[in-house]
Amino acid sequence: MLFSDLTAVFEKLEATRARLEITSDVAKLLKECDSRNVRKVVYLLQGIVQPSFTGVDLGVGDKLAQQAISRVSGKTIKQIEASYRKTGDLGETGKELLSIKAQTSLVNAELSVDKVYDNFYKIATASGQGSQDLKIKLLSELLSNSSPVEAKVILRFTTGSLRLGLGDQTIIDAFSFFEKGDKSVKQVFEKAFNFTSDLGFVAELFFEKGLQAVDEVKPMPFNPIRPALAERLQDSKEIFEKLGKCSVEGKYDGFRLQVHLSNGRVEIYSRKQEKITEMFPEIVEGVKKYFNAKQVIFEGEAIVVKDGKFLPFQATIQRKRKHGVSEKAKELPLKLYCFELLYLDGKDLTGLKYEQRRTKLDSIIKNNTDVVLANRIIASSSEEIEEYFLDCLAKGLEGVIAKDLNAPYVAGGRKFAWIKLKKSYSDKLVDTVDVVIVGYYYGKGKRTQFGFGGLLTAVLNEDSNEFETIAKIGTGFSEEQMSFFQNELGKIKLKQKPSNVSSLIDADEWVQPKIVVEIAADEITKSPMHTAGMVGREGYALRFPRFLRIREDKSVDECTTVLEVLELFERQRR
Ligand code: AMP
């Protein structure tokens, strides 16, 4: 496949708003693929070279990209920076400067998708001495053979600012459209994706062996399983009404880790499926020493415990670092509280009842001080849940998670298998909500200097897979956070509203829905302005929303859903 063909599809996707049209364009593109290149095409659509759990990340900084543009266009870095300041987009800058070159040079070899992908892969995996030079050389080679539009796409891709606005869900829908012309088999692809976190793998398997093979995909070590999510209910009574006799565990406020062990190798993945093994040496050691199994996939929450006390999330977050790991590990030692077992010695356990998984988990963890079982009780009444909840709060935990004893592990989903009960942040709204940033506003007055004044945020409508707006947030930010947002949001801003965002309000800048933030609010009100749960002319909005923290650990499909908002609203009325 020629890279120019792929670029043409990218250009069209970027300019399209209607999701159905995007899905059908992607399905059409798949028709042009074969089993040798479909994996690469899917990764390129996702804006990645490899799934994040492999640790292979393109990560080309703006400076490096500028050097490549300079090498090919003959312009100085100063000239490139001047153009970049004007366009705010290195892709546009490259397109502009390289089109001048294109008029003066002879036509070069046409780029293929294979060639572009292979150079991207080499750039991503170059390391050690001389790797910077090598990266510039590989990128320059692509730029010197590309048309101006191809150069724009290549530069945006390498600097992580591709603007297709294409979620994993749309690609999954497109697989189904490709096979059946509608969404009827999307669950098959979704399940395989939830077990492997690798759409490229799923696509290749599908092209090679067909739908049946995709349906038979099972979890495997070193492919993180997408996490089961927790629902929320108001109080112990509601929880007991829903679950009956249930397991109630402490809700530790740390990082959720998924640990894979196979034949002596241990890898640790974040909730967003990033490989973060190097950050937690004590857990790697603990698992190697104290697990009574050859192959395991399990989950737990890691939290800093000092002098027998749980430290707040602000302490635990400091352990998420690439440098100075061992010093910080001494200062802030982690404990991993394990709560799920998903795979054991060649067997997929996700279909077993929770209680069976937990019993097996109990039997393979040897007594160890760093890696332990999450404490729990089996509750036979709402009073017992309440008592344990208060007990957990007294110990400094965030609350409890009640679990259905008979439920399978719902990878990538929430089906009331887990229900969380948290300490309230406000008298009126029991819980905080996790919303996705879809746009932002420039600052006025004192905030002009930050180029940031507030956020436009949304919740997920799981039926349509769209983000529907629920709040404009202008308070709760520190100066540091405002600069952070100005920087980070600038990198993911878009020319127009993304196709998977539904909004009646304009933002100063739209952004790719990528970042989740936790906010508090006084109550939920009906609103003609916001589209969350909108029926007729009324949606739902948060009243007096306040920014609390960035939920770096959450991916956008884990944010609060429209259904949860409706439930919170109903509860508030009662
Ligand atoms: P939330 O992030 O508020 O939606 O709550 C769900 C999260 O709580 C999970 O993703 C875990 O990171 C965390 N958690 C803490 N303790 C437990 C536990 N015992 N069982 C399951 N999840 C837990």
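The values are calculated or read from the model by the stated rules, or taken from the named source; none is laboratory data. Source: prediction; values computed, not measured. Note that each Cβ is placed from the backbone with ideal geometry, even for glycine, and that neighbours are counted across all protein chains shown. Keep in mind that these areas ignore ligands, DNA and RNA; they rest on the heavy atoms of the full protein, side chains included. Shrake-Rupley method; radii C 1.70, N 1.55, O 1.52, S 1.80 Å.
See the values below:
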| item | result |
| --- | --- |
| Carbon/sulfur fraction of accessible area - the chain, other protein chains in place, 1.4 Å, % | 49 |
| Length added when fully stretched, K306-D463, from 0.36 nm per residue minus Cα-Cα | 52.1 nm |
| At 0.692 mPa s and 37 °C, Stokes D of the range 233-422 from Kirkwood alpha-carbon radius, µm² per second | 193 |
| Selection from G254, F280, I378, by position along the positive dipole direction of the range 233-422 (Cβ) | F280 |
| Extended-chain gain in nm, criterion 0.36 nm per residue less alpha-carbon gap, K183 and E383 | 67.5 nm |
| For L373, distant residues with modelled amide H under 5 Å away | C338 |
| Given charges at beta-carbon only (K, R positive; D, E negative), |dipole| of the chain in Debye | 1020 |
| Computed over the range 433-573: relative contact order in percent, which uses C-alpha pairs under 8 Å that are six or more apart | 29 |
| Largest-first principal axis extents, alpha carbons of the range 215-342, Å | 47, 43, 26 |
| Dipole of the chain [Lys/Arg +1, Asp/Glu -1 at C-beta], most positive-end residue of Q496, L138, T457 | L138 |
| Percentage of interatomic Cα-Cα distances in the range 13-148 larger than 19 Å | 59 |
| Backbone HN-Hα couplings from phi across the range 332-348 [Karplus 6.51/-1.76/1.60, Hz, Gly and Pro as x] | 10, x, 9, 10, 9, 9, 8, 9, 9, 10, 10, 7, 8, 6, x, 10, 7 |
| Cross-link pairs K322/K554; K209/K275; K40/K135; K335/K422 - those with Cα-Cα distance over 23 Å | K209/K275 |
| Cα-derived Rg to Rh of the chain, Kirkwood definition | 0.97 |
| Distance from the range 339-376 to the range 435-462 (C-alpha centre basis), Å | 42 |
| Inter-label distance, nm, simple model (7 Å from Cα along the C-beta direction), L504/R265 | 5.4 |
| Phi-based couplings in Hz for the range 12-22 (Karplus 6.51, -1.76, 1.60; Gly and Pro marked x) | 5, 4, 5, 8, 9, 9, 6, 5, 5, 5, 4 |
| Kirkwood Rh and Cα Rg combined as Rg/Rh, the range 470-574 | 0.96 |
| Whole-number percent relative contact order across the chain, with pairs defined as alpha carbons under 8 Å at least 6 apart | 12 |
| Full-extension gain in nm, R543 to N367, via 0.36 nm per residue minus C-alpha separation | 58.5 nm |
| Cβ-placed point charges (K, R +1; D, E -1), dipole of the range 3-77 about Cα centre in debye, nearest 20 | 100 |
| Label-point separation in nm, A213 to R321, each point 7 Å along Cα→Cβ | 4.6 |
| Top positive-direction residue, dipole computed over the range 72-213 with Cβ charges, set G74, A203, A174 | G74 |
| Over 23 Å between alpha carbons, listed pairs K328/K491; K218/K294; K86/K493 | K328/K491 |
| Average accessible area per residue (Å²) across the chain - probe 1.4 Å, nucleic acids and ligands excluded | 43 |
